[in-house]
Amino acid sequence: MKKLLLLIMAIVVILSCTINNEALGSVKNEALGSIRLKFAESLSKSHEPGISYEIEKLGIKGLGPLSANFYEELSKDETEFVQNELIIGEWKITIDAYNAQGDLVGSGSTLVFVQANAVSEASLVIHQINGLGLFQVIVNFPKTNNIVYYAQGELFSEENDSIPINFSLYGDFLMTDDINLPPGSYGLEIKIYGGNINPQNLVLARYEAVQIASNKKTTAQYIYSQESGSMELTVGSDLPQQVVMEFNNVQNELGVDQIMNVEALIDRPVDSYNWYINSESVDGFYQNSILISGSDFSVGSVNWVDLVIKIGSYKYSKGFYFMVREAIVVNPPVSDSKRLEALVVNHTSTNAQNIPDEFIAKIKTDYTIHIAGQSHAGQLASFGMRELSRNNGDRYLYNERTTQKSIPYHSDTEINIIRGLPFSSAADQEERFDNEWFVRPHHYFGGTINNVNWDRSQGPYRIEEYLDDNYAKYLSGEAPLVNVAMLIFCAEFANIWSGIENYLEGYLSAMENLEKMYSAEGSKGRDKATAVQFIYSTNHTQHRNHPYGSGETQYADEKGALVWRVNQVIREYAVANKKILYDFGDLDSWGLTNGQGSTMSDFDRNGVWELSKPITHDIKFYGNIETIQFYPAHDVWGPYTFQNVEGFTNNNYHTRVEHAELKAAAFWYLMAKIAGWEE
């Protein structure tokens with residue numbers, strides 16, 4: 001078969017917005033244009049003596065205003081290409097030539113201005129590659145607040161030779177021309193500026209690894225998110241091996257008073273590690289971990305950490321960002337806990353199968369547990385307990401009821417859980433949607449949503465009134481004694497964006513007050529047999545409107561990261577003051593079946609964004625709630641019931657089966673420890 005040969009091919013690019021041209025198709029809007037590429041010579045006739053590259057197809061890519069783009073492939077026998085309905089403005093057209101083996105043998109690009117009711121012409125030349133590799137960098141950025149973004153780039157060879165990268169601005173993206181490079185591994189430094197290029201306008205800097213292969217084109221595509229100040233890279237190249245890199249202990253929001261020790265997990269042996277922060281090499285960290293202190297960065301700054309590893313002759317990289325926030329300064333109450341040590345239950349404390357039968361029986365006979373909250377309390381007390389007991393015979397049987405709609409009783413063959421609080425008034429009943437299990441912190445402690453009765457200045461706590469009434473009924477034989485109590489948060493801390501320290505201090509102080517009142521010899525006159533043990537809880541880890549994709553979540557990631565820090569304060573307080581802590585936030589971040597945390601990357605189907613902050617996302621929303629698609633992160637789902645937007649409900653409290661089981665198993669573990677089990 002006769003080979004198709006290439007040295008230089010001239011291609012005439014004709015732009016047309018003439019809607020009567022049948023070859024171009026119908027242009028639906030006069031503000032749109034079309035483009036037609038006609039080749040000056042047939043590919044089969046384009047050749048030069050001594051050149052042995054066979055042309056099999058062309059890849060045609062266009063990038064235009066407002067991030068508009070297209071990509072099409074053309075066979076060797078076609079002589080014309082048409083693309084309709086293009087946005088008016090400047091377009092960059094790139095054509096890559098490939099041989100039958102898929103190797104890139106030539107490439108070229110040109111700029112064309114698409115305009116309405118006009119015809120433009122431009123020439124494009126495809127150059128032979130001769131065994132080199134091509135490299136191109138594209139940076140997309142938002143066009144907001146009239147900010148014009150600029151970029152600087154530099155490539156570094158294995159010998160550390162520097163190769164400057166020059167960017168040109170096209171609409172709302174920056175792009176380099178194709179760069180011819182010898183095959184090998186390179187370091188890529190990118191800096192983005194909001195305004196003129198000077199240090200004061202630097203908004204983000206990264207250093208990453210790029211692999212250049214012979215007769216291949218590598219495109220580094222950056223997408224800059226102004227909302228989070230983050231930039232993620234997708235490198236379009238075929239590496240000889242794909243390396244799995246993950247990070248442990250990443251805090252995407254770091255307090256100026258905090259330190260994080262990040263560990264990199266790689267699925268094979270690594271020859272060398274190099275860490276970079278804001279594109280600058282970090283001295284002293286040449287292993288798989290790095291220690292980062294918030295005090296080394298300015299408050300409000302967004303910083304990117306990149307790890308470049310070398311395996312054999314190849315380099316690989318991955319990164320994460322973190323924002324630096326003001327410290328959360330809390331003055332916690334003074335505690336006189338009588339416990340010898342803290343009791344903290346998290347994802348490492350879920351081996352309920354190890355609890356001896358005698359303590360399972362003791363939990364059922366000796367304790368009646370009051371759990372208040374909203375849907376997240378239901379994840380544990382309703383759905384989780386049900387699913388855990390479903391396939392375990394009589395071992396984890398549970399007896400759940402509410403305070404008003406069920407007759408109180410105690411079962412010696414089940415774990416006894418009471419949910420909710422009685423209504424205090426008709427207005428309270430209306431506010432809680434006629435559901436006594438619907439309990440927010442101000443329903444638990446009293447007051448209003450914006451003025452919670454943390455210090456009892458507005459009267460007794462609502463939970464206090466309930467416990468006192470329960471005690472009186474217990475003494476008269478009308479009800480079992482509630483001797484364990486816990487409040488589980490929903491999205492309260494996320495919604496208290498200002499004054500978060502006061503809200504947190506209020507919660508800790510109120511819990512301390514309850515412990516003192518209901519302890520043996522406390523102000524409520526209880527003894528050791530009738531004392532109430534209170535369990536602290538952290539917040540869930542679900543986030544709404546995350547810049548990298550949404551899910552069945554509750555609040556913006558910026559707030560979500562703040563809630564994570566609130567959880568840290570609660571954890572530290574519980575440990576320091578020997579409290580009982582049910583770490584809901586930690587349990588929310590782990591799966592029962594595979595022992596791994598759920599991360600945002602589990603739910604991003606575009607393959608672009610990855611975060612390693614533990615997070616649970618159970619439903620992927622695409623626009624309207626009526627067009628929900630389901631993506632199980634692991635293996636098992638519970639039944640769901642969906643109504644319209646106004647009446648959205650779900651039967652298993654918007655969580656997966658495995659997370660609900662995990663929370664229930666951890667609670668059995670916690671109760672066994674309260675009952676005296678020493679593992």
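The values are calculated or read from the model by the stated rules, or taken from the named source; none is laboratory data. In this text, all values refer to a predicted model and were calculated from it rather than measured experimentally. Cβ atoms come from the backbone with ideal geometry, glycine included; neighbour counts cover every protein chain shown. Note: areas computed on protein heavy atoms with side chains; ligands, DNA, RNA excluded. Shrake-Rupley method; radii C 1.70, N 1.55, O 1.52, S 1.80 Å.
So here's what we get for this one:
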item	result
Rounded accessible area of E72 (nearest 10 Å², 1.4 Å probe)	80
Too-long pairs where the Cα-Cα distance tops 20 Å, listed order kept, from K528/K663; K364/K673; K216/K318; K191/K310; K191/K217	K528/K663; K216/K318; K191/K310; K191/K217
In sequence order, calculated HN-Hα J values of the range 65-72 (Karplus, 6.51, -1.76, 1.60; Hz; x Gly/Pro)	x, 6, 6, 5, 7, 8, 8, 9
K61 accessible area, assembled protein chains, probe 1.4 Å, Å²	50
Equivalent ellipsoid semi-axes, the range 431-509, via Cα gyration tensor eigenvalues times 5, rooted, Å	26, 14, 11
Charge sum, other residues only, whose C-beta stays under 10 Å from K92's C-beta, Lys/Arg counted +1 and Asp/Glu -1	-1
Karplus (6.51, -1.76, 1.60) ³J(HN,Hα), θ = phi - 60°, over the range 474-487, in Hz, Gly and Pro reported as x	5, 5, 8, x, 8, 7, x, 7, 6, 10, 9, 9, 8, 10
³J(HN,Hα), Karplus 6.51/-1.76/1.60, whole Hz, each residue of the range 80-94, x for Gly, Pro	8, 9, 10, 10, 9, 6, 9, 5, 5, x, 7, 10, 9, 10, 10
Accessible area per residue in Å² at 1.4 Å probe, computed on the range 303-445	42
